[in-house]
Amino acid sequence: MHVIYHCPHPSFSAVTAAAIHLGLLAPDRKPSLRAIFEIASYFAWKRAKKGIIYPVGIDNRGNMVYLLPRGFDSTILQNVVTGVSRVLGGGKGELALVDTDLSAGRWQWGTLFFCSLGRIAGPRFFPVLEINRIYFALVRLVEQQKG
Amino acid sequence: MYYCYGSAHSSVIAAAIHLKKLPWDRIPTLAEVEIQERFDRTENWEIGTPFFMGTDREGNEVYTLGLGPDRIMIRRIIASLIKIWNYPAREILLVDTLVCIHCLTRIGGFLSRKLGLVTIGRPLAALGIRLSYNRLLELVQATIAQVQRADYTKNDTLDPIQKI
């Protein structure tokens, strides 16, 4: 099975979810801010290009795990991934597309603003703070996905 | 796979030409354009879904697809999916039909699909199709020729995400 975690590109939520899925981050305690930065750096997330599906590892059940950086709207992306996969012969149940964008309201706008700023300035503390806030929700999402 | 912005106009007509549902020797009437399956029918939430339009005489499946505003990102996703599913690159050809489109189709499409003004937008979009019909026909003919060319079918490494 192919598991694809996707989120708006500058946000770290897909990276964090993939790391939890692969056992690189502990599910029972929040990682330090430095650990989140290191995970993002480990997956070369900063240099990732929107739309490219990056393989990042295989989990203990043999499922391939991927990261997909995207823009802020995911509707077209979801239609394309599911529809084109069907055309290419991907069977139902062979692919899981997991949206890790759990932020809402001012956090979503804040992420958008600070991530855009981060492109110029470099630091991305807001996305890291956001991960700190939604970490256990991401853990639940990954556990739900793993079934 | 013919693609445009919303898979409602130019890609639908290109697929209809490919499948010989529209004439190759003359420009179709407005009514002939408007009655085409899926012409000016695709809703915004359906953008990105590939629609199967039929199978041509050579047995090739013909689809239409809308890529929305971020075409580069969606093309990258398709290229990634081809790799993930180990699909032979020579078996799929993506053709951009937006290069042939007339501005009346853009305006008509916007009025009909975005603003819901179907009564004004649809005939305008169809008129734009009539005005760009010869270019669309040439594009389809070039596509069919490329599919049939021996060098294309033998070349495994050909980039499927290309513009004709």
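The values are calculated or read from the model by the stated rules, or taken from the named source; none is laboratory data. Quick caveat: nothing in here was measured; it's all calculated off a predicted structure. In this analysis, Cβ positions are derived from the backbone assuming ideal geometry, glycine residues included, and neighbour counts consider all displayed protein chains.
Remarks
- Among the residues examined, B:Ile35 qualifies as at pLDDT below 95, more than 8 Å from chain A (Cβ to nearest Cβ) and over 27 Å from A:Val81 (Cβ atoms).
- Test: residue in region B:61-72 that is farther than 21 Å from B:Ile144 by Cα, more than 14 Å from every other protein chain (Cβ to nearest Cβ) and in contact (Cβ under 8 Å) with a residue 60 or more places away in the chain: no
- Residues of region B:87-144 classified as loosely packed, with under 15 Cβ neighbours inside 10 Å, among the acidic types (Asp, Glu) and either touching a strand residue (DSSP E or B) at 6+ places or on another chain (Cβ under 6 Å) or away from chain A (no Cβ under 14 Å) (or both), total: 1
- Restricting region B:25-42 to residues that are touching a helix residue (DSSP H, G or I) at 6+ places or on another chain (Cβ under 8 Å) and outside any loop (DSSP other than H, G, I, E, B), the residue that is surrounded by the most Cβ atoms within 10 Å (Cβ to Cβ) is B:Val33.
- Region A:67-84, residues that are over 13 Å from A:Gly51 (Cα atoms) and buried (at least 24 other Cβ atoms within 10 Å of the Cβ): A:Val84
- In the set (1) crowded, with 19+ Cβ neighbours inside 10 Å; (2) within 14 Å of chain A (Cβ to nearest Cβ); (3) closer than 24 Å to A:Gly51 by Cβ, the condition left unmet by B:Trp45 is number (1).
- Among residues of region A:29-65, those that are touching a residue at least 60 places away in the same chain (Cβ under 8 Å), within 18 Å of A:Val98 (Cβ to Cβ) and among the basic types (Lys, Arg), counted: 1
- Taken as a whole, the structure places B:Ile72 among residues that are surrounded by fewer than 16 Cβ atoms within 10 Å (Cβ to Cβ), modelled with pLDDT under 95 and β-branched (Val, Ile, Thr).
- Tally of residues being part of a loop (DSSP other than H, G, I, E, B) and of a type in the set (Gly, Ala, Ser) across region A:16-53: 6
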